[in-house]
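These notes concern the structure reproduced below.
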Amino acid sequence: MAHVSIESLEKKYSPKAAAAVESLDLEIQEGEFLTLLGPSGCGKTTTLRCVAGLERPTGGQVSIGGKVVDAPAQRIHVAPDKRDIGMVFQSYALWPHMSVASNVAYPLKMRKISVDERARRVREVLEMVGLEEYASRMATDLSGGQQQRVALARALVATPQLLLFDEPLSNLDARLRQDMRSELREMHKRVGTTSIYVTHDQEEAVSLSTRIVLLNKGAIEQVGSPREIYWHPVSHFVADFVGYDNFVSATVVSTDQYGVKVLLDGTDVRLACPPRNDVHEGQQVDIAVRSSSVILGPPACEKPNRFQGVITDVMYLGDDFIYELQLGPHKVKVSIRTAEVANIWPVGAPRVGDSISGAIAPDSLACLPALNSKVPALA
């Protein structure tokens, strides 16, 4: 296991181009499973490739296990095969002319490990990933999920101090992705190797990681545990990326250590939000909430943050009903599981034009500084 330190990392692909990664600072602890999350072009894969040595940074420094492996200012660049890392690629990157066992054994062969020791280690790691029966098969004769397990076994067989994953599940179908996520979680529990994982899939990141780094345009937008990222986004970008699909403008009425109280613009609806120390009374903010976090009908009557709205649209999506509400000048989407609709309204579900009660738990709300808003000066 290795501690990884990234200091002021910069990567430009040409002198006049915008930086793909800019002034990125990050510490990855021993045994941590850290995910770099973000949309295409945010710099997550570039960062991973700099750690791997497959890209040369144009600035900053990268250290693995206390050893500097990249520092352009000092002209230090350690080749990828000298960094003691294992890497799992999106495309599997298996040798098509080799058997499963030969693919897995390749890193050991390059390290000149004895034939007997190679065979023992290959046998152990294939058993670990559940492919011991396929050792003699050609790698290309396996399914996508099995090939990805071969790639994982190859990355693990040399017991590297650091594992790197570059969107390894993106080529698999939905069911296989779920199965592989579970396998990767169990693998990390058993092996405990420091791991850096790249994905654009927030569900993948939340289910696998001990910590998530959300990137935007080559810079860090937020760092935190999966729960912190999911429930306490610090910006519009983070909230939108992790699934908040309602944004409503409001004005801060009061703020203290217990929370922030806001008045939704154009209404008399007041909402209590979690505490936040960078907003002030009178400031324009946006309140973000997931459609699945809004409560409608009788269950809302005893909840905090109650409001009254009018249904303007109803969509049936199989597993869910989507209700669109008019709340003053605002439109709010509400998602309710189809199985719950009959429980909430046993006599008949509400229709377009009906007035309806709603509520939102304070912890489900995110109070975000409004885009392009001016923060009032403090007295």
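Just checking, does the stretch 175-190 include any residue being in contact with a strand residue (DSSP E or B) (Cβ under 7 Å, 6 or more places away or on another chain) and not in a loop (DSSP other than H, G, I, E, B)?
The answer is yes; a qualifying residue exists.
Read through the list (1) surrounded by 17 or more Cβ atoms within 10 Å (Cβ to Cβ); (2) part of a loop (DSSP other than H, G, I, E, B); (3) out of contact with any helix residue (DSSP H, G or I) (no Cβ under 6 Å at 6 or more places or on another chain), then give the number of the only condition that D268 fails.
For D268, the failing item is (1).
Consider the stretch 59-75. How many of its residues are open to solvent by less than 60 Å² (accessible area, probe 1.4 Å) and either within 16 Å of S8 (Cβ to Cβ) or of a type in the set (G, A, S) (or both)?
Of the residues in the stretch 59-75, 11 are open to solvent by less than 60 Å² (accessible area, probe 1.4 Å) and either within 16 Å of S8 (Cβ to Cβ) or of a type in the set (G, A, S) (or both).
Hey, any hits in the stretch 8-24 for a residue that's among the hydroxyl-bearing types (S, T, Y) and open to solvent by less than 10 Å² (accessible area, probe 1.4 Å)? First the steps, then the outcome.
Just the residues of the stretch 8-24 that are among the hydroxyl-bearing types (S, T, Y), to begin with: 8, 13-14, 23.
Next, from what is left, pick out any that are open to solvent by less than 10 Å² (accessible area, probe 1.4 Å): none.
No, because not a single residue in the stretch 8-24 is among the hydroxyl-bearing types (S, T, Y) and open to solvent by less than 10 Å² (accessible area, probe 1.4 Å).
I need the full set of residues from the stretch 165-178 which are open to solvent by less than 70 Å² (accessible area, probe 1.4 Å), under 18 Å from the mean Cα position of the chain (by Cα) and touching a residue at least 12 places away in the same chain (Cβ under 8 Å), in order please. Before you say what the answer is, go through the steps one by one.
So in the stretch 165-178, the residues open to solvent by less than 70 Å² (accessible area, probe 1.4 Å) come out as 165-170, 172, 174, 176-177.
Pick out the ones that are also under 18 Å from the mean Cα position of the chain (by Cα) and you get 165-170, 172, 174, 177.
Answer for the stretch 165-178, where residues must be open to solvent by less than 70 Å² (accessible area, probe 1.4 Å), under 18 Å from the mean Cα position of the chain (by Cα) and touching a residue at least 12 places away in the same chain (Cβ under 8 Å): F165, D166, E167, P168, L169, S170, L172, R177.
Looking at (1) open to solvent by 10 Å² or more (accessible area, probe 1.4 Å); (2) in a strand (DSSP E or B), which is the one condition that is false for D278?
Among (1) open to solvent by 10 Å² or more (accessible area, probe 1.4 Å); (2) in a strand (DSSP E or B), D278 violates only (2).
For the stretch 78-93, name all the residues that are at negative phi, modelled with pLDDT of 85 or more and in a loop (DSSP other than H, G, I, E, B).
V78, A79, R83, F89
Looking at the stretch 188-247 only, could you name the residues that are farther than 30 Å from L325 by Cα and basic (K, R)?
Within the stretch 188-247, K189, R190, R211, K217 meet the criteria.
Given the criteria open to solvent by less than 10 Å² (accessible area, probe 1.4 Å) and modelled with pLDDT under 90, does A139 qualify?
Yes: the conditions hold for A139.
Output the residues belonging to the stretch 81-92 that are exposed (fewer than 15 other Cβ atoms within 10 Å of the Cβ) and under 17 Å from Y197 (Cα atoms).
S91
If you take the residues in the stretch 26-41 that are touching a residue at least 60 places away in the same chain (Cβ under 8 Å) and acidic (D, E), which one is most open to solvent (accessible area, probe 1.4 Å)?
The qualifying residue most open to solvent (accessible area, probe 1.4 Å) is E30.
I'd like the residue in the stretch 281-307 that is among the basic types (K, R) and surrounded by fewer than 18 Cβ atoms within 10 Å (Cβ to Cβ) and, out of all such residues, is nearest to V252 (Cα to Cα).
So, considering only residues that are among the basic types (K, R) and surrounded by fewer than 18 Cβ atoms within 10 Å (Cβ to Cβ), the one nearest to V252 (Cα to Cα) is R306.
Looking only at the stretch 203-219, which residues are surrounded by fewer than 17 Cβ atoms within 10 Å (Cβ to Cβ) and under 18 Å from E7 (Cα atoms)?
Within the stretch 203-219, K217, A219 meet the criteria.
Condition test on V310, is it open to solvent by less than 50 Å² (accessible area, probe 1.4 Å), in contact with a Gly (Cβ under 9 Å, 6 or more places away or on another chain) and either of a type in the set (V, I, T) or not in a helix (DSSP H, G or I) (or both)?
no
Considering only the stretch 121-148, state which residues are under 15 Å from P96 (Cα atoms) and in a helix (DSSP H, G or I). Before you say what the answer is, go through the steps one by one.
Of the residues in the stretch 121-148, the ones under 15 Å from P96 (Cα atoms) are 134-144, 146-148.
Once the filter is applied, which keeps residues that are under 15 Å from P96 (Cα atoms) and in a helix (DSSP H, G or I), the stretch 121-148 yields Y134, A139, T140, D141, G144, Q146, Q147, Q148.
If you take the residues of the stretch 313-343 that are among the acidic types (D, E) and in contact with a helix residue (DSSP H, G or I) (Cβ under 8 Å, 6 or more places away or on another chain), which of them is surrounded by the fewest Cβ atoms within 10 Å (Cβ to Cβ)?
D319
Of A250, A205, which residue is in a strand (DSSP E or B) and in contact (Cβ under 8 Å) with a residue 24 or more places away in the chain? It would help to see each step written out before you state the result.
Details: A205 fails: in a strand (DSSP E or B).
Going through A250, A205 in turn, just one is in a strand (DSSP E or B) and in contact (Cβ under 8 Å) with a residue 24 or more places away in the chain: A250.
Of (1) open to solvent by less than 20 Å² (accessible area, probe 1.4 Å); (2) touching a residue at least 24 places away in the same chain (Cβ under 8 Å), G224 satisfies all except one. Which?
Every condition holds for G224 apart from (2).
Quick check, is K44 surrounded by fewer than 19 Cβ atoms within 10 Å (Cβ to Cβ) and out of contact with any helix residue (DSSP H, G or I) (no Cβ under 7 Å at 6 or more places or on another chain)?
So K44 fails the test.
In this structure, is V260 crowded, with 20+ Cβ neighbours inside 10 Å, within 26 Å of L37 (Cα to Cα) and at pLDDT 95 or above? Let's see the steps before the verdict.
Working: crowded, with 20+ Cβ neighbours inside 10 Å: yes; within 26 Å of L37 (Cα to Cα): no; at pLDDT 95 or above: yes.
Against the criterion (crowded, with 20+ Cβ neighbours inside 10 Å, within 26 Å of L37 (Cα to Cα) and at pLDDT 95 or above), V260 does not qualify.
The values are calculated or read from the model by the stated rules, or taken from the named source; none is laboratory data. Note that the structure is a prediction, hence the values are computed from the model and not measured. Note: ideal-geometry Cβ built from the backbone for every residue, glycine included; neighbour counts use all protein chains shown. To get the accessible areas, we keep the full protein, side chains included, count just its heavy atoms, and leave off ligands, DNA and RNA. Shrake-Rupley method; radii C 1.70, N 1.55, O 1.52, S 1.80 Å.
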